[in-house]
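Working notes, structure below.
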Amino acid sequence: MTGNICAPAPVEIKTTLIDCPTCEKKTEFLCEYYEWYGGEITCLNCGDSWNEEGRAPRPFERGWREKSISRAKATLEREAQNEKR
Ligand SMILES: [Zn+2]
């Protein structure tokens, strides 16, 4: 599956506590489930993410952890807003 510009919207978003291999402790994760290709989880502490195939590649970019964490938190906030409606 390559060249997919439009990412499908997650069908389910939630948080859960998982032992993060990077943080080496239990941390809060954002879990996003997609209809076609399973789920992706993102550690809200270090920003690493994992999918069915293992750890997602880390972007070769300064500050990607902060970006990843703020993206995950923004997703959660959006979801919380949706639930209020
Ligand atoms: Zn972590």
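Nothing in this text is a laboratory measurement; each read-out follows from the coordinates by a stated rule. Owing to the predicted nature of the structure, the values given are computational and were not obtained by experimental measurement. When we count neighbours, we look across all protein chains shown, and the Cβ atoms used for this are built from the backbone with ideal geometry, even at glycine.
Taking the chain as a Gaussian network of alpha-carbon nodes connected by springs under 10 Å, the highest mean-square fluctuation of the residues Cys46, Cys31, Cys23 belongs to Cys23. The amide H of Asp48, built 1.01 Å from its N in the peptide plane, has Cys43 as neighbours under 5 Å, considering only residues 5 or more places off or on other chains.
So what's Rg/Rh here for the chain, counting alpha carbon atoms and using the Kirkwood radius for Rh?
0.96
Counting 0.36 nm for each residue step from Thr16 to Arg78 and taking away their Cα separation leaves a gain of 20.6 nm. Split the chain at each of the GluC sites (Glu not before Pro) in a DSSP loop with at most 13 other beta carbon atoms within 10 Å, and the longest piece is 62-85.
Rounded to the nearest 500, the 222 nm mean residue ellipticity of the chain from helices alone is -8500 deg cm²/dmol, with -39,500 (n - 2.57) taken per DSSP H run of at least 4 residues. Amide H contacts of Thr15 (H built 1.01 Å from N, in plane; Pro and chain starts excluded): Cys31 sit under 5 Å, all sequence-distant by 5 or more or on other chains.
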